[in-house]
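The values are calculated or read from the model by the stated rules, or taken from the named source; none is laboratory data. Small disclaimer: the values here were computed from a predicted structure and weren't measured. Glycine also receives a Cβ, built like all others from the backbone with ideal geometry; neighbour counts cover every protein chain displayed.
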Amino acid sequence: MAPEIQLLLSRFGRLGVVAVTSFLTNVLLTILLTEFFGLPPERSFALVLVLIFAANFIATRHWVFSDRVAGSNAWSQLLKCAAVSASFRVLEWVAFYVLLDYLDLHYALTLVGVLCLSFVTKSLIYERYVFR
């Protein structure tokens with residue numbers, strides 16, 4: 001296999017690890033802050049979203065794209081990452097809503113499909129635009 005393809009697949013796998021870890025940490029921290037520290041669920045979730053975004057950015061920059069850290073502008077990458085992340089959350093919701101409402105697909109199938117397509121597309125945008 002060509003070295004470029006191997007590197008791309010390696011990054012894709014590491015992004016998958018970051019995504020799964022992020023999901024599990026998000027759920028666990030939200031429950032912890034709500035159940036054991038008494039924060040309202042809305043505040044717990046909001047705080048965790050900020051923490052997870054920061055952790056994801058650091059992990060993605062320094063682990064997934066570690067070969068590109070030297071000479072890159074962290075601030076520029078952070079702004080691009082935030083814009084991409086926010087845009088994808090909106091696009092995921094719109095795609096979910098449209099597929100669910102207009103095509104009458106099952107919500108679980110729709111959710112999985114939208115999130116999988118989003119992951120692949122966002123990974124390519126990170127590869128080609130954000131962490132260049």
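Numerical summary
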item: Any hit, the stretch 66-87, residues being within 13 Å of the chain's Cα centre (by Cα), part of a helix (DSSP H, G or I), surrounded by fewer than 13 Cβ atoms within 10 Å (Cβ to Cβ) and among the hydrophobic types (A, V, I, L, M, F, W, C); result: yes
item: Pair list, Cβ < 6 Å and 6+ apart or interchain, from the stretch 3-23 residues that are under 16 Å from Thr121 (Cα atoms) to residues that are of a type in the set (Gly, Ala, Ser); result: Phe12/Ser123; Leu15/Ser123; Val18/Ala59
item: Filter result for Leu28 (surrounded by fewer than 16 Cβ atoms within 10 Å (Cβ to Cβ) and under 13 Å from the mean Cα position of the chain (by Cα)); result: no
item: Boolean, Thr60 is closer than 30 Å to Glu4 by Cα, among the polar types (S, T, N, Q) and surrounded by 12 or more Cβ atoms within 10 Å (Cβ to Cβ); result: yes
item: Any chance Thr60 is in a helix (DSSP H, G or I) and either in contact with a Lys or Arg (Cβ under 6 Å, 6 or more places away or on another chain) or farther than 20 Å from Cys81 by Cα (or both); result: no
item: Any hit, the stretch 61-76, residues being polar (S, T, N, Q), closer than 24 Å to Ser10 by Cβ and in contact (Cβ under 8 Å) with a residue 40 or more places away in the chain; result: yes
item: Options Ala74, Ala70, Ala46; residue that is out of contact with any helix residue (DSSP H, G or I) (no Cβ under 9 Å at 6 or more places or on another chain), within 17 Å of Tyr129 (Cα to Cα) and either modelled with pLDDT of 95 or more or not acidic (Asp, Glu) (or both); result: Ala70
item: Scan of the stretch 88-110 for residues that are under 15 Å from the mean Cα position of the chain (by Cα) and either aliphatic (A, V, I, L, M) or not in a helix (DSSP H, G or I) (or both), ordered by number; result: Val90, Leu91
item: The stretch 31-43 - residue that is in contact with a helix residue (DSSP H, G or I) (Cβ under 9 Å, 6 or more places away or on another chain) and loosely packed, with under 11 Cβ neighbours inside 10 Å and, of those, nearest to Ser85 (Cα to Cα); result: Pro40
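Okay, residues lined up against (1) modelled with pLDDT under 95; (2) over 22 Å from Phe131 (Cα atoms); (3) touching a strand residue (DSSP E or B) at 6+ places or on another chain (Cβ under 9 Å); (4) not aliphatic (A, V, I, L, M):
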| site | (1), (2), (3), (4) |
| --- | --- |
| Thr34 | no, yes, no, yes |
| Thr60 | no, no, no, yes |
| Val84 | no, no, no, no |
| Ser87 | no, no, no, yes |
